[in-house]
1. How high is the relative contact order of the chain? Use alpha-carbon pairs under 8 Å, at least six apart in sequence, and give a whole percent.
2. Taking the alpha-carbon distance from Lys97 and a cut-off under 15 Å, which aspartates and glutamates remain once sequence neighbours fewer than 8 residues away in the same chain are dropped?
3. Cβ neighbours within 10 Å, averaged per peptide: list 82-92, 37-47, 22-32 in order, most packed at the top.
4. Work out the length of the dipole vector of region 6-123 about its Cα centre, built from +1 on the beta-carbon of each Lys and Arg and -1 on the beta-carbon of each Asp and Glu, and round it to the nearest 20 debye.
5. Post the alpha-carbon centroid distance, region 64-78 to region 37-52, in whole angstrom.
6. For region 6-123, what Kirkwood radius comes out of the mean inverse Cα-Cα distance, in Å?
7. So which aspartates and glutamates can Lys61 reach, going by Cα to Cα under 19 Å and dropping same-chain residues fewer than 8 places off?
8. Estimate the FRET efficiency between Thr78 and His50 by the formula 1/(1 + (r/R0)^6), using the beta-carbon distance for r and 22 Å for R0, to the nearest 0.05.
Amino acid sequence: MTAWTADELQRIGDATQLRVSSLRKDGSLRPYVTIWVVRVGDDIYIRSAHGADNPWFRRAKTSGKGRIKAGGVERDVTFAPASPGTHQAIDTAYHTKYDRYGRAIVATVVGENAMTTTLQLVPRD
């Protein structure tokens, strides 16, 4: 398994937004969707603000692979489920990074409901 470099972690973690695309069955990329992203330790996470029925999230889960762009970094990734023990730290990271936009908006990506829509981004070669 490939790991993020320190530079990639810093650049993606500092980026306000991330663009995510999942792979189609034929290997081509779907159109990019812009979402929020957080870093927790040496890991990168994304969540669906509109629940598990959000089309980009459903496609990412089904495909399991895609590509991201953030902070000048572009990488192929695997979409992996987050470990259950990481959710509180992920919530805290979202609050720390995005509460300036309003707690009501951040509420769409934190808490128990958001746990089911959390994906860890794992870099691929």
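Each reported figure results from applying straightforward, stated rules to the coordinates on display, with no laboratory input. Note that the structure is predicted; figures quoted are calculated from it, not measured. In this analysis, Cβ positions are derived from the backbone assuming ideal geometry, glycine residues included, and neighbour counts consider all displayed protein chains.
1. Numbers: 225 pairs, mean separation 39.7, N = 125.
Over the chain, the number comes to 32 percent.
2. Asp14
3. On the way: 82-92: 15.0, 37-47: 20.9, 22-32: 12.5.
Descending packing order for the listed peptides: 37-47, 82-92, 22-32.
4. Values: 17 positive and 12 negative charges, 97 e Å.
So the magnitude is around 460 debye.
5. A separation of 13 Å, based on Cα centres.
6. Numbers: mean 1/r = 0.0709 Å⁻¹.
Hydrodynamic radius (Kirkwood, Cα pairs) of region 6-123 is 14.1 Å.
7. Output for Lys61: Asp26, Asp43, Asp53, Asp76, Glu112.
8. Numbers: r = 23 Å, r/R0 = 1.03.
Here the calculated transfer efficiency is 0.45.
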